[in-house]
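A.B. asks: Take this structure first; my questions come after.
Bear in mind that the values in this text are calculations on the coordinates, not laboratory data. As the structure is a computational prediction, the values presented were derived from the model and not from experiment. Reconstructed Cβ throughout: ideal geometry from the backbone, glycine too, with neighbour counts over all protein chains shown.
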Amino acid sequence: MENTEIREFRVNYDKYGKLVALEENDNIPFEIKRVYYIYEVDENVRRGFHSHKHLQQVLICVHGSVKILLKTPQEEKIITLDDPKQGLYIGPNIWREMYDFTDGAVLLVLASEHYDVNDYIRDYMEYERHYKKGDN
Ligand code: TYD
């Protein structure tokens, strides 16, 4: 899907365990201005329900698993994140919903901008209008 990509990170592993390093403008394709994580989400909760006008993000499920619905007016895709060495890149103008968090799941998000409420579109109809008149 446009503006989305699964990225596989290199794992450093030895008999002591595994380590993944994330670096801006390297395996993370933007400057990392913000990091947040979502956890202790009940299994029946669905969240997200928004798109961003400019923000780029990489989502990594560092523990457990979570499903991500990605949607544009043309297509729809469901990604299961269940591997700490995998990141889901989501660029601008993609509607997303997150659900089916397993018990103990932790979703780590790296973001290209500081938190800005004005970058959010939280109404799907408005998202469709913005998408259609936008640069897609
Ligand atoms: P919200 O955007 O509803 O989460 P989701 O991405 O699952 O839709 O964010 C939940 C709350 O956290 C909301 O009150 C806004 C706040 N928040 C911040 O203060 N900073 C942040 O970087 C983010 C992503 C959210």
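A.B. asks: Residues that are among the acidic types (Asp, Glu), within 14 Å of the ligand (Cβ to nearest atom) and surrounded by 14 or more Cβ atoms within 10 Å (Cβ to Cβ): find the strands (runs of 3 or more DSSP E) completely inside region 76-136 holding 1 or more of those. Break it down stepwise before answering.
C.D. replies: Numbers: elements: 76-81, 86-90, 95-99, 106-111.
So the answer is 95-99.
A.B. asks: Can you name every residue in region 62-77 that is touching a Gly at 6+ places or on another chain (Cβ under 9 Å) and more than 26 Å from ARG129 (Cβ to Cβ)?
C.D. replies: If we filter region 62-77 for residues that are touching a Gly at 6+ places or on another chain (Cβ under 9 Å), which is where we start, we get 63-64, 68-69.
Those that are touching a Gly at 6+ places or on another chain (Cβ under 9 Å) and more than 26 Å from ARG129 (Cβ to Cβ): HIS63, GLY64.
A.B. asks: Take LYS67 and tell me if it is without any contact (Cβ under 8 Å) to a residue 40 or more places away in the chain and within 14 Å of the ligand (Cβ to nearest atom).
C.D. replies: Numbers: without any contact (Cβ under 8 Å) to a residue 40 or more places away in the chain: yes; within 14 Å of the ligand (Cβ to nearest atom): yes.
So LYS67 fits the description; yes.
A.B. asks: Moving on. Within region 42-64, count every residue that is assigned to a loop (DSSP other than H, G, I, E, B) and under 16 Å from the mean Cα position of the chain (by Cα). Before you say what the answer is, go through the steps one by one.
C.D. replies: Within region 42-64, the first condition is being assigned to a loop (DSSP other than H, G, I, E, B), and the residues that meet it are 42-45, 53-56, 64.
Adding the requirement that they be under 16 Å from the mean Cα position of the chain (by Cα) leaves 53-56, 64.
Adding up the residues that qualify gives 5.
A.B. asks: Restricting attention to region 78-102, report how many residues are more than 12 Å from the chain's Cα centre (by Cα) and more than 24 Å from ASP42 (Cβ to Cβ).
C.D. replies: Total satisfying the criteria: 2.
A.B. asks: On to the next question. Tell me, please, whether a residue that is of a type in the set (Ser, Thr, Tyr) and over 26 Å from GLU126 (Cα atoms) can be found in region 39-47. Spell out the reasoning first.
C.D. replies: Taking region 39-47 as the starting set, the residues that turn out to be of a type in the set (Ser, Thr, Tyr) are 39.
Still in the list and also over 26 Å from GLU126 (Cα atoms): 39.
Yes.
A.B. asks: For region 45-55, indicate whether the set of residues that are within 24 Å of GLY134 (Cα to Cα), polar (S, T, N, Q), in contact (Cβ under 8 Å) with a residue 60 or more places away in the chain and surrounded by 13 or more Cβ atoms within 10 Å (Cβ to Cβ) is non-empty.
C.D. replies: Residues of region 45-55 within 24 Å of GLY134 (Cα to Cα): 48-55.
Remaining after also requiring polar (S, T, N, Q): 51.
Imposing the further condition that a residue be in contact (Cβ under 8 Å) with a residue 60 or more places away in the chain reduces the set to 51.
Narrowing further to those that are surrounded by 13 or more Cβ atoms within 10 Å (Cβ to Cβ): 51.
There is at least one residue in region 45-55 that is within 24 Å of GLY134 (Cα to Cα), polar (S, T, N, Q), in contact (Cβ under 8 Å) with a residue 60 or more places away in the chain and surrounded by 13 or more Cβ atoms within 10 Å (Cβ to Cβ).
A.B. asks: For the subset of region 34-44 comprising residues that are of a type in the set (Val, Ile, Thr) and over 26 Å from GLU128 (Cβ atoms), which member is surrounded by the fewest Cβ atoms within 10 Å (Cβ to Cβ)? Steps first, please.
C.D. replies: Applying the first criterion (of a type in the set (Val, Ile, Thr)) to region 34-44 yields 35, 38, 41.
From what's left, over 26 Å from GLU128 (Cβ atoms): 35, 41.
On the way: VAL35: 10, VAL41: 20.
Among those residues, the one meeting the criterion is VAL35.
A.B. asks: Right, something else. Residue pairs, Cβ under 7 Å, 6 or more apart or interchain, first in region 22-35 and in contact (Cβ under 8 Å) with a residue 12 or more places away in the chain and outside any strand (DSSP E or B), second surrounded by fewer than 10 Cβ atoms within 10 Å (Cβ to Cβ) and not polar (S, T, N, Q). List them.
C.D. replies: LYS33/HIS114
A.B. asks: Has region 15-33 got at least one residue that is more than 13 Å from the ligand (Cβ to nearest atom), basic (Lys, Arg) and surrounded by 17 or more Cβ atoms within 10 Å (Cβ to Cβ)? If you could, list the steps in order and put the result at the bottom.
C.D. replies: Step one: filter region 15-33 for residues more than 13 Å from the ligand (Cβ to nearest atom), giving 15-31.
Those left that are additionally basic (Lys, Arg): 15, 18.
If we keep only those that are surrounded by 17 or more Cβ atoms within 10 Å (Cβ to Cβ) too, we end up with none.
No: zero hits.
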